[in-house]
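Read the structure below first, then the notes.
The values are calculated or read from the model by the stated rules, or taken from the named source; none is laboratory data. Only a predicted model underlies this, so the values are computations on that prediction, with no experimental measurement involved.
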Amino acid sequence: MKRARNVYYSLIVFACGLLCPVAACGAEEGGSPAEQPIGMTFKWIHFVILAVVAYWLFGKVLPPFFRRKADNISAAISKATAAKAEAERRLQEAVTKIGNLEREIAEFRVQAQRDAAAEIERLRGVTVLDVEKIRTAAKAEIEAAERAARVELKELAAKLAVDGAESLVAKQMTPAVQEAMISSFVQSLQGRPN
């Protein structure tokens, strides 16, 4: 491609080099070069050169340039279309995830309510068992306290009875009664064999 371009440029320079001396000769003869037959020939040669250059420029150079530009634009459009499709796919995924998220949140709420109700029932059951254990323990403590109180009450009653009997005996015990008791005791000892 670069070699062909160099050949075209060389031909253009060569054609310009040929035209310059011919134009100089025409100018020396006098008169208008366009009116002379050689001037008409140069006009046609000039036209043909310009037509060849225009054909070469518009037929050979510019189409690949425009094709590259069109390919670049087409590639950019393809990339943009792919990016748009990817963005739409991601948007659809996000919308789906948001829809699923709302559904999952609703499911989590229902599950949390079920778990909370089950936990409440479990705690009620545990509380009932604890209340029954406390009731049984309290009943046992009350019975033990009642027995201890009865024993203490019996001891107190016995002590009071002994104290009452002692005070009654102390009141009724006179020296004569004491002497009679001692002598009765001594006589009971004498009648016994050793």
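Test of understanding: among GLU86, GLU104, which residue is charged (D, E, K, R) and at pLDDT 90 or above? Just one listed residue meets the conditions, GLU86.
Residues considered: ALA180, ALA149. Of these, the only one that is modelled with pLDDT of 90 or more and on the phi < 0 side of the Ramachandran plot is ALA149.
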